[in-house]
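The values are calculated or read from the model by the stated rules, or taken from the named source; none is laboratory data. Just so it is clear, the model here is predicted, and its values are computed rather than measured. Because the Cβ atoms are built from the backbone with ideal geometry, glycine has one as well, and the counts that use them run over all protein chains shown.
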Amino acid sequence: MLGRMLSRAGAVGVACVLLAAQVVSVSADALTSDLIPGPPDGSWQVYAEGTGAKTKDDIYGSKASTVSGFVDAYDKSWSNDPAQGLVDRLERFSSVFWASVRLSESRTAARDNKSHSSFKVVSGLGSSAYEVTDPADSQGYLSDTIVMTQGDYVSVVAIAAKSEPDHATLLDQAHRQVAMIPVPKAEYNAIGQGIVSGMVWVAIGAGVLTMILAAIVIIVVLRRRRPTLQPALAPVSLSPDKRYWWDGTSWQDTSARMPPGVPLSPDGAQWWDGVSWRPRPPG
């Protein structure tokens, strides 16, 4: 019975997706087996066949190659009568990141799996913990499973019985399991420093971009303020008041005769005296 329950508990976890990420060293020095608490009380007896170290292949089978960051795992199992069993599996990953990814993928798969009797989010058990119940299997065993993560670890705690599984016992074991897992302070500090460094580089990049945009705006404004180029005046002598021009022999009135070769406006109605536009004389 416990062998089937262990198999079902392992099926709750889904292979992690492959993501590019920096993997840091495992934060805890304690053996994974030492981090699994004992059963709720003395009425529970060790189930030897369901207790021991587990490899990635043991847990994930053909999907083992897709599981990233897996370090080791350990199962502890107990029974308190022939019709009821309890199992606590603890998987250790190389970083908080990979443990979180593993739980996230498992949680999504469990939520979408219609074979479960129920799925719900569980609060107070790490981040993103969830619980599923399953209908009776071919041997008549109902099961209730909680999957959760804490630091570098993912835990699967399950209870199975031919009658309604003891939910209070399941919750008690789950809470004691979370309390046993060490918090990877060094890893969290490293992650925090990485976030701060990233924010600094983002701020620097934003500052550089701001300066570039400001330079572009200044250039555009200066170009708009640049005076319009006026047409060059032909080589002709004008009086200081621009009312007369010298034809080489005598002074000519500009209101009666326009100097030769001066620039004209696009419509031909005005000519340029070097300072302003003047009406073109009639005729």
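Can you find even one residue in segment 85-101 that is free of Cβ contacts under 8 Å to residues at least 24 places away in the same chain and not polar (S, T, N, Q)?
no
Of all the residues that make up segment 81-136, how many are at negative phi, loosely packed, with under 15 Cβ neighbours inside 10 Å and not in a strand (DSSP E or B)?
The qualifying residues number 14.
I need the strands (runs of 3 or more DSSP E) fully contained in segment 236-283, keeping only those with at least 2 residues that are surrounded by fewer than 12 Cβ atoms within 10 Å (Cβ to Cβ), touching a residue at least 40 places away in the same chain (Cβ under 8 Å) and in contact with a Ser or Thr (Cβ under 8 Å, 6 or more places away or on another chain).
The strands (runs of 3 or more DSSP E) meeting that bar number zero.
Can you name every residue in segment 147-173 that is crowded, with 18+ Cβ neighbours inside 10 Å and of a type in the set (D, E, K, R)?
Selection gives Asp152 alone.
Does segment 109-125 contain any residue that is of a type outside the set (A, V, I, L, M), in contact with a strand residue (DSSP E or B) (Cβ under 8 Å, 6 or more places away or on another chain) and farther than 21 Å from Ser143 by Cα?
Checking segment 109-125: not a single residue is of a type outside the set (A, V, I, L, M), in contact with a strand residue (DSSP E or B) (Cβ under 8 Å, 6 or more places away or on another chain) and farther than 21 Å from Ser143 by Cα.
Search segment 180-231 for residues being assigned to a loop (DSSP other than H, G, I, E, B) and modelled with pLDDT of 65 or more, and hand back the single one that is nearest to Pro40 (Cα to Cα).
Once the filter is applied, the top-ranked residue is Ile181.
Mind checking whether some residue in segment 146-169 is at pLDDT below 90, in a loop (DSSP other than H, G, I, E, B) and under 29 Å from Thr66 (Cα atoms)?
Yes, segment 146-169 contains at least one residue that is at pLDDT below 90, in a loop (DSSP other than H, G, I, E, B) and under 29 Å from Thr66 (Cα atoms).
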